[in-house]
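Trainee: Below: one structure in structure tokens.
The values are calculated or read from the model by the stated rules, or taken from the named source; none is laboratory data. Worth saying up front: this structure is predicted, and the values here are computed from it rather than measured. In this analysis, Cβ positions are derived from the backbone assuming ideal geometry, glycine residues included, and neighbour counts consider all displayed protein chains. For the accessible areas, the whole protein counts, side chains as well, though only heavy atoms, and no ligand, DNA or RNA atoms are used. Shrake-Rupley method; radii C 1.70, N 1.55, O 1.52, S 1.80 Å.
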Amino acid sequence: MNIVEKVKRSLWFLTQFLQDGWRYFRHCSISPFADRERSLYYKMIIETHSLEKGLSVGRTRPGFGRQKIRYILDALRRYDLAYSELPAQMALGTLETYVEFHKQVGFSDPLVGEVERFVQGYRDKVHSQGGLRHFAEGMTLGREKKGSDFLTSRFSSRIFDPSPLSNEEVATVVSVAQTAPSQCNRQATRAYFFRDKDKIRELLALQAGAGGFSDDVSNLFVIASELPAWGGAQQRNQPYIDGALFCMNLLLACHAHELVSCPLNLAITHKTEDKIKAAGGIGKGEVLIMMIAVGRMPANTALKAARSPRRSVSEILTIQG
């Protein structure tokens, strides 16, 4: 390859990544050019789900989420239900669960009273969908389910038995995850598994999204993808696509083998990614995809999980032709 061709390829890389940056800036939720109603729609779902997660951990802290509560109440007053009722339905159900939880634990607070009054006045506008899902003690997960029942029965659990998984259990679910599609069969995804509690705490502290249950995690995957498998600017996003397919398969493999799991996003800066790689012994030529907390179901415990209602198919499906 001559010098002119090398320069042209380098400029091509630069223009593709610059276009990525401009498109993201132009349309992301904090952009001054963003659709305000669409941004509010997603922001309400995100903040409400944070409350759902706080309610779904093993040891929910009374009075948590005050700032998020304030935001949700204000957003509900401003939000146009004609755009979509889902964020309001999800928020209403979660706020109802929030009030119920504090009544059960006997925690009295002016904010809880304010939430209860708001909920009572909002129930005539939409029906509730959010909050928690409760599962019977001793339930089975996915082993006995088939087809779509198996797929729709998977949920994210933030409650785990403290016992470590065996090497055989870990290898089994990873082997199943390997059946995920991979572009040109590259199979560039790497799975790093941790059982050491101190190391898990260090990694989750860097992930910064599992604060309410990180002490309950005794088994943790960090999933990464090797960059040398890819070439050219046109393949810049493929490590994440391949890695995400592997992660979904790993979650389903855990479900099939009666293990509960919870995917943990890695929406982080390069600096934090480098710290996670250093802490986990992960190669510099790899990109991080996500963490997955996993474990057995705790004995003699009825599980609970965020309800996380799904959008109507009519909102996401466009049929052309």
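Trainee: Can you report the number of residues in region 1-26 which are open to solvent by less than 100 Å² (accessible area, probe 1.4 Å) and basic (Lys, Arg)?
Mentor: Of the residues in region 1-26, 1 are open to solvent by less than 100 Å² (accessible area, probe 1.4 Å) and basic (Lys, Arg).
Trainee: Further question: Is it true that Phe13 is in contact (Cβ under 8 Å) with a residue 60 or more places away in the chain and either hydrophobic (A, V, I, L, M, F, W, C) or under 28 Å from His134 (Cα atoms) (or both)? Talk me through it step by step, then tell me what you get.
Mentor: Numbers: in contact (Cβ under 8 Å) with a residue 60 or more places away in the chain: yes; either hydrophobic (A, V, I, L, M, F, W, C) or under 28 Å from His134 (Cα atoms) (or both): yes.
In short, yes.
Trainee: Among the residues of region 155-174, what is the count of those that are open to solvent by less than 80 Å² (accessible area, probe 1.4 Å) and either in contact (Cβ under 8 Å) with a residue 60 or more places away in the chain or of a type in the set (Asp, Glu) (or both)?
Mentor: 13
Trainee: Taking region 192-205 only, how many residues are out of contact with any strand residue (DSSP E or B) (no Cβ under 6 Å at 6 or more places or on another chain) and either buried (at least 19 other Cβ atoms within 10 Å of the Cβ) or free of Cβ contacts under 8 Å to residues at least 24 places away in the same chain (or both)?
Mentor: Initial filter on region 192-205 (out of contact with any strand residue (DSSP E or B) (no Cβ under 6 Å at 6 or more places or on another chain)): 195-199, 201-205.
Now restrict to residues that are either buried (at least 19 other Cβ atoms within 10 Å of the Cβ) or free of Cβ contacts under 8 Å to residues at least 24 places away in the same chain (or both): 196-198, 201, 203-205.
Residues that pass the stated criteria total 7.
Trainee: Still on this structure: From the list Gly121, Gly142, pick out the single residue that is modelled with pLDDT under 95, in contact with an Asp or Glu (Cβ under 8 Å, 6 or more places away or on another chain) and more than 16 Å from Gly212 (Cβ to Cβ). Even if it seems obvious, please write down each step before you answer.
Mentor: On the way: Gly121 fails: in contact with an Asp or Glu (Cβ under 8 Å, 6 or more places away or on another chain).
Only one candidate passes the filter, namely Gly142.
Trainee: Quickly run through region 86-110 and pick out the residues that are of a type outside the set (Phe, Trp, Tyr) and under 23 Å from Leu40 (Cα atoms). Please lay out each step first, then the result.
Mentor: Just the residues of region 86-110 that are of a type outside the set (Phe, Trp, Tyr), to begin with: 86-97, 99-100, 102-106, 108-110.
Selection gives Leu86, Pro87, Ala88, Gln89, Met90, Ala91, Leu92, Gly93, Thr94, Leu95, Glu96, Thr97.
So that you can scan it fast, the table gives a plain yes or no per residue for (1) free of Cβ contacts under 8 Å to residues at least 60 places away in the same chain; (2) charged (D, E, K, R); (3) in contact with a His (Cβ under 9 Å, 6 or more places away or on another chain); (4) surrounded by 19 or more Cβ atoms within 10 Å (Cβ to Cβ):
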residue	(1), (2), (3), (4)
Asp215	yes, yes, no, no
Phe221	no, no, no, yes
Gly231	yes, no, no, no
Val260	no, no, no, yes
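Trainee: Confirm whether Arg77 is in a helix (DSSP H, G or I), farther than 19 Å from Arg133 by Cβ and within 26 Å of the chain's Cα centre (by Cα). Step through it out loud before you land on a result.
Mentor: Working: in a helix (DSSP H, G or I): yes; farther than 19 Å from Arg133 by Cβ: yes; within 26 Å of the chain's Cα centre (by Cα): no.
Answer is no for this residue.
Trainee: Take Asp74 and tell me if it is at pLDDT 95 or above, surrounded by fewer than 15 Cβ atoms within 10 Å (Cβ to Cβ) and among the charged types (D, E, K, R). Lay out the reasoning, then the answer.
Mentor: Details: at pLDDT 95 or above: yes; surrounded by fewer than 15 Cβ atoms within 10 Å (Cβ to Cβ): yes; among the charged types (D, E, K, R): yes.
In short, yes.
Trainee: Looking at region 27-71 only, could you name the residues that are buried (at least 16 other Cβ atoms within 10 Å of the Cβ), part of a loop (DSSP other than H, G, I, E, B) and aromatic (Phe, Trp, Tyr)?
Mentor: Phe64
Trainee: Working only within region 77-97, note down all residues that are open to solvent by 50 Å² or more (accessible area, probe 1.4 Å) and charged (D, E, K, R).
Mentor: Kept after step one, since they are open to solvent by 50 Å² or more (accessible area, probe 1.4 Å), are these residues of region 77-97: 77-78, 80, 82-83, 85.
Of everything in region 77-97, those that are open to solvent by 50 Å² or more (accessible area, probe 1.4 Å) and charged (D, E, K, R) turn out to be Arg77, Arg78, Asp80, Glu85.
Trainee: Restricting the search to region 278-294, which residues are within 17 Å of Ile200 (Cβ to Cβ) and free of Cβ contacts under 8 Å to residues at least 12 places away in the same chain? I'd like the intermediate steps shown before the answer.
Mentor: Going residue by residue through region 278-294, those that are within 17 Å of Ile200 (Cβ to Cβ) are 278-282, 288, 290-294.
Matches in region 278-294: Ala278 only.
Trainee: If I go through region 294-311 residue by residue, how many of them are over 25 Å from Leu86 (Cβ atoms) and among the hydrophobic types (A, V, I, L, M, F, W, C)? Break it down stepwise before answering.
Mentor: In the first step, residues of region 294-311 are kept if they are over 25 Å from Leu86 (Cβ atoms); the result is 294-302.
In the following step, the residues that additionally are among the hydrophobic types (A, V, I, L, M, F, W, C) were identified as 294, 297, 299, 302.
Counting residues in region 294-311 that are over 25 Å from Leu86 (Cβ atoms) and among the hydrophobic types (A, V, I, L, M, F, W, C) gives 4.
Trainee: Next question, about the same structure. Going by the conditions given, is Gln89 touching a His at 6+ places or on another chain (Cβ under 7 Å), of a type outside the set (D, E, K, R) and assigned to a helix (DSSP H, G or I)?
Mentor: On the way: touching a His at 6+ places or on another chain (Cβ under 7 Å): yes; of a type outside the set (D, E, K, R): yes; assigned to a helix (DSSP H, G or I): yes.
Yes.
Trainee: Still on this structure: Can you tell me which residue is most open to solvent (accessible area, probe 1.4 Å) among those in region 98-131 that are closer than 15 Å to Leu73 by Cβ, in contact (Cβ under 8 Å) with a residue 40 or more places away in the chain and in a loop (DSSP other than H, G, I, E, B)?
Mentor: Here the residue is Lys125.
Trainee: Looking at Ile268, Ile282, Ile289, which one is open to solvent by less than 40 Å² (accessible area, probe 1.4 Å), within 14 Å of the chain's Cα centre (by Cα), farther than 18 Å from Ala171 by Cα and among the β-branched types (Val, Ile, Thr)? Working first, answer last.
Mentor: Details: Ile268 fails: open to solvent by less than 40 Å² (accessible area, probe 1.4 Å); Ile282 fails: within 14 Å of the chain's Cα centre (by Cα).
Unique residue meeting the criteria: Ile289.
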